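Structure, as structure tokens:
The values are calculated or read from the model by the stated rules, or taken from the named source; none is laboratory data. Note that this is a predicted model, so its numbers are computed, not measured. Every residue, glycine as well, gets a Cβ built from its backbone with ideal geometry; the counts of neighbours run over all protein chains shown.
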Amino acid sequence: MNQTNDKQKAEQYRQAAEQGDAEAMCKLGWCYFSGRGIPKNQAEAEKCWKTAVEIWKKAAEQGNTEAQYKLGRLCAPGVPAHGIPCDALEATQWLRKAAEKGHAGAQHHLSICYYLGIGVPKDMLESVQWLRKVAEQDDDLSGVAAYELGKCYIHGWGVPQDIIEAEKWLRAAAQTREDENIDTMLTLIELTRKQIERSCYPADER
């Protein structure tokens, strides 16, 4: 993106933010934070982010699923400094509210929270259950989740090791994304299957 486009984007975000658009307000904050399109200004960045949080929190408290997800992401630990307190417990609570209503992004982030033990006890079984919900959806994140679920079955993370299930989810992932890692793992699964067949059946029985 060149400087002219950066300036145009920043101005678009500013105009939308002035109309109360929290997403634009958050993006404008990133522009101030990074200095893209406008002079770098940490104080203005934090001001934008705090305003976005206020807008999302009001909407989230009224049951808005997208706002619950955005708020959960923005308040999560590990997110670059926004000048707002990061509360792991509050973040996961908002993510759970959105996840329980089928929001794929929230489900994926909640899976990560359980995997890392952020705001909730570390629980691989719970992590995989939320990951599966994403993989089973028709969503942009489904391919990513299917790939991660395939790895879980390969390594036995939160589920019993199962190369058949691993192959199933990796092939599902391959339908939505090109990734050399997926191809490599599918090749290894095929080699493993052949080795099992050779060990189970003598040559004259095959």
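Hey, could you check region 108-141 for residues that are without any contact (Cβ under 8 Å) to a residue 24 or more places away in the chain and of a type in the set (Phe, Trp, Tyr) and say which is farthest from Glu66 (Cα to Cα)? It comes out as Tyr115. Ile164: of a type in the set (A, V, I, L, M, F, W, C), surrounded by fewer than 19 Cβ atoms within 10 Å (Cβ to Cβ), over 26 Å from Gly102 (Cβ atoms) and at pLDDT below 75, yes or no? No: the conditions fail for Ile164.
Kindly check whether there is at least one residue in region 130-141 that is surrounded by fewer than 22 Cβ atoms within 10 Å (Cβ to Cβ) and among the aliphatic types (A, V, I, L, M). Checking region 130-141: at least one residue is surrounded by fewer than 22 Cβ atoms within 10 Å (Cβ to Cβ) and among the aliphatic types (A, V, I, L, M). Every condition in (1) modelled with pLDDT of 90 or more; (2) over 30 Å from Thr65 (Cβ atoms) is met by Leu186 except one, and the failing one is (1). Val144 falls short on exactly one of the conditions (1) among the β-branched types (Val, Ile, Thr); (2) under 17 Å from Ser111 (Cβ atoms); (3) not in a helix (DSSP H, G or I), and that condition is (3). The residues of region 113-129 that are surrounded by fewer than 18 Cβ atoms within 10 Å (Cβ to Cβ) and either outside any helix (DSSP H, G or I) or within 15 Å of the chain's Cα centre (by Cα) (or both), listed by number, are Leu116, Gly117, Pro121, Lys122, Asp123, Gln129.
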